[in-house]
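Below is one structure, written out as structure tokens, with a few remarks after it.
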Amino acid sequence: MERFDTVVVGAGMAGVTCARMLADAGRTVIVLEARERIGGRMSTERTAGFPVDLGASWIHGIRDSALWELVQALDIPTREFTVGSFQVGGRPMEHFDGTGTPMDATASSQWIADVEAVDRALVGVIARSSPGDSYLDATESALDASGLDPERIDQIREFFRHRVEEQCGAWIGDLDAHGLDEDAIDGEEVIFPRGYDELPRRIAVGVDVRLAHTVRGIRRVEDGWIVDTDHGAFGADDVVVTVPLGVLQSGALEFDPPLPQPAARSIARLGMGVFNKIFLQFPHRFWNEETYVIRALGEAGERWHSWYDVSAISGIPTLLTFAAGPLGHRVQSLPDAVVVADVARALRALYGDAVGEPTASWVTRWGDDEWSRGSYSHLPIGASHHDHDALAGPFAGGLRFAGEATWGEEPATVGAAYASGHRAAESILGHSVDRADFAAAIVDRERSAAR
Ligand SMILES: Cc1cc2nc3c(=O)[nH]c(=O)nc-3n(C[C@H](O)[C@H](O)[C@H](O)COP(=O)(O)OP(=O)(O)OC[C@H]3O[C@@H](n4cnc5c(N)ncnc54)[C@H](O)[C@@H]3O)c2cc1C
């Protein structure tokens, strides 16, 4: 049996960060990854000749972002694309009212002002909420108190429902009232014209990553741990498990002894949402040149409501829309062609025959993905951000967890995965790891390899 100082389970952003930091510090480390690729939920498809990010696309706010510092140090090109936390305004947007009619500037401004006013009131309602209150309870209280007419209330209600679906992959009635507390965007947002998976792949260069190695069980033994896979067993002093929360919840990994209570409790209390992407390419652009986002309100946007113009990545007119929460689950059982036709139909209700036949499309199914079992974590009623951090450990014998679901400050993001991998490495090493040194070592290694 091969033996290492540390076995890391999962080669997503958290896993490769942790492993790279440990290897840089002179430790022997191996990463066991079930997929045949590195990156996990950072997944870039390139067969069409341009990158399509099927998982993460954005850095959600580059101000004071450790992730942004890393991307800059590695000189990875980015493109500004600020969408905010499902923002209502601030960028060129095309709004359509509940009947599918374009809203003029006055109607759009009124809509933005309505949402902003209710959102301001919502802050107080959430602060006064009781344990057990859902985000739906909070938004309904704020809407009741708004004094707006019923039609305007209906549109904002729909908007709040969609916001929770996009940010959390969950139904608004299942989310805790505090479920969006950490959902703040600081600074501009950016996307990756070369594909986001470049980041974890470059971090992983030189790390011993065993692809197509599915971990089945993690056993504590007298002198450390044995990690059982479909390709044999690996021994280690420490184990860092970075598989997604959905995989932990499924019971696909057997822990012996069973997980300590704090970890088991967090896994049970936290939620794994479903958020799927649908990219459609068109022969011609039928939306305005400067438009960032198309948004349909009320009934017109009941199912498909928001489209983001990501044409800049391929140079081909491309819209990205999302199926999240209950709709995200539903689309997973439908063939691509049915989903694409339904999205195109919704666009035709807004733009008529100007919407040509889609020339290419991509539809994701993260909830059905065996190695992810969902898209990212959120707080169901009764859970708190403490549950994220309580999952990290360390637990007896040197068992640790990392990954987006273990980072309470900004869960559900690449930034969280990076920070959690960093924390796990520091915890094992017993000293801090400077992020700038970490980035510089990656660049140095690449330079030496190129020589
Ligand atoms: C559609 C979508 C869009 C997103 N958009 C954004 C965004 O724009 N910005 C953002 O910041 N975040 C976004 N996210 C979230 C972001 O992708 C994740 O938070 C982050 O990539 C998680 O990294 P991780 O290392 O925690 O987990 P992962 O990347 O999931 O890595 C875990 C690894 O464990 C492996 N694994 C699972 N089971 C086993 C097993 N039994 N044995 C061995 N290996 C196993 C998996 O294959 C995977 O490679 C998005 C996610 C999705 C799904």
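Can you say whether ARG423 is at pLDDT 95 or above, within 16 Å of the ligand (Cβ to nearest atom) and in a helix (DSSP H, G or I), as far as the supplied structure shows? Yes; evaluated as a whole, the condition is true for this residue.
Counting only helices (runs of 4 or more DSSP H) wholly contained in the range 61-163, the ones carrying 2 or more residues that are modelled with pLDDT under 95 occupy 105-127. Screening the candidates ARG220, ARG216 for the property of being outside the structural domain of TRP111 (by TED's automatic domain parsing), of a type in the set (Lys, Arg) and within 15 Å of the ligand (Cβ to nearest atom) yields one hit, ARG216. Checked against the criterion of being out of contact with any Cys (no Cβ under 8 Å at 6 or more places or on another chain) and within 12 Å of the ligand (Cβ to nearest atom), the candidates ALA73, ALA34 yield just one match: ALA34. Looking across the range 369-420, the residues that are touching a Cys at 6+ places or on another chain (Cβ under 9 Å) and in a loop (DSSP other than H, G, I, E, B) come down to LEU379, ALA402, ALA412. Candidates are the residues of the range 278-293 that are at pLDDT 95 or above and touching a Phe, Trp or Tyr at 6+ places or on another chain (Cβ under 6 Å); the one that is farthest from HIS385 (Cα to Cα) is PHE286. Is it the case that some residue within the range 294-313 is over 30 Å from ARG79 (Cα atoms), more than 13 Å from the ligand (Cβ to nearest atom) and modelled with pLDDT of 95 or more? No: the range 294-313 contains no residue that is over 30 Å from ARG79 (Cα atoms), more than 13 Å from the ligand (Cβ to nearest atom) and modelled with pLDDT of 95 or more. Checking every residue in the range 341-350 against the condition of being more than 20 Å from the chain's Cα centre (by Cα), assigned by TED's automatic domain parsing to the domain that holds ILE112, part of a loop (DSSP other than H, G, I, E, B) and more than 30 Å from VAL243 (Cα to Cα) gives zero matches.
Just a yes or no: is a residue in the range 437-445 out of contact with any strand residue (DSSP E or B) (no Cβ under 7 Å at 6 or more places or on another chain) and surrounded by 23 or more Cβ atoms within 10 Å (Cβ to Cβ)? No, the range 437-445 contains no residue that is out of contact with any strand residue (DSSP E or B) (no Cβ under 7 Å at 6 or more places or on another chain) and surrounded by 23 or more Cβ atoms within 10 Å (Cβ to Cβ). Within the range 224-270, being farther than 26 Å from ASP174 by Cβ, free of Cβ contacts under 8 Å to residues at least 60 places away in the same chain and away from the ligand (no atom under 13 Å from the Cβ) holds for ASP256, PRO257, PRO258. Being in the same structural domain as THR413 (by TED's automatic domain parsing) and more than 14 Å from the ligand (Cβ to nearest atom) is the requirement here; does ARG27 meet it? So ARG27 fits the description; yes. Of all positions in the range 326-334, none carries a residue that is more than 14 Å from the ligand (Cβ to nearest atom), small (Gly, Ala, Ser) and either in contact (Cβ under 8 Å) with a residue 24 or more places away in the chain or in the same structural domain as VAL241 (by TED's automatic domain parsing) (or both).
Is it true that some residue in the range 223-240 is of a type outside the set (Lys, Arg) and at pLDDT below 95? Within the range 223-240 (the criterion being of a type outside the set (Lys, Arg) and at pLDDT below 95), the answer is yes, since at least one residue qualifies.
The values are calculated or read from the model by the stated rules, or taken from the named source; none is laboratory data. Since the model is a prediction, treat every value here as computed from it, not as a measurement. Neighbour counts run over all protein chains shown; Cβ positions are idealised from the backbone, glycine included.
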